[in-house]
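> Let me give you the structure first, and then I'll get to my questions.
The values are calculated or read from the model by the stated rules, or taken from the named source; none is laboratory data. What you see is a predicted model; the values in this text were computed from it and never measured. With ideal geometry, Cβ positions are generated from the backbone for all residues, glycine too; neighbour counts draw on all protein chains shown. To get the accessible areas, we keep the full protein, side chains included, count just its heavy atoms, and leave off ligands, DNA and RNA. Shrake-Rupley method; radii C 1.70, N 1.55, O 1.52, S 1.80 Å.
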Amino acid sequence: REALAVAAQLCGPELERYGRCVAASPGSWHQDCHQLSLSVTACASNHPLVRRIRRDCSDSFGAFERCLRERPQSAAECGPHVSQFLLCAQNVTQSATPGDAATATPRDGPRG
């Protein structure tokens, strides 16, 4: 939940546009919304916690993406893959240091 909250906080507009696109294109969202998906990914990848989730949960996220590619008309069948990924992401956020989830800004540099 924390990682999703961070992504929503940092990338709310991108997520909203992507969500609207997916909802409006049930049969072709994977093509129609690809560019919006990339903008969400680019935005989210700037946060340390999100980077950590991407690294540590790449297997479960990859399985979810494969499921979506194989079943573009019936994404609901990919629910178990989403659950696996969310469980992994939850484990990462629970083991994260407080600084990871606290803010998207870089930590203070050396003082001199």
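> What pairs can you find where one residue is in region 18-34 and more than 13 Å from Leu68 (Cα to Cα), the other is part of a helix (DSSP H, G or I) and open to solvent by 80 Å² or more (accessible area, probe 1.4 Å), and their Cβ atoms are less than 7 Å apart, with a gap of 6+ or different chains?
Going by the 7 Å Cβ cut-off, the qualifying pairs are Cys21/Asp32; Ser25/Asp32.
> Report, by residue number, each residue of region 62-79 that is modelled with pLDDT of 85 or more and open to solvent by 90 Å² or more (accessible area, probe 1.4 Å).
Within region 62-79, Arg66, Glu70 qualify.
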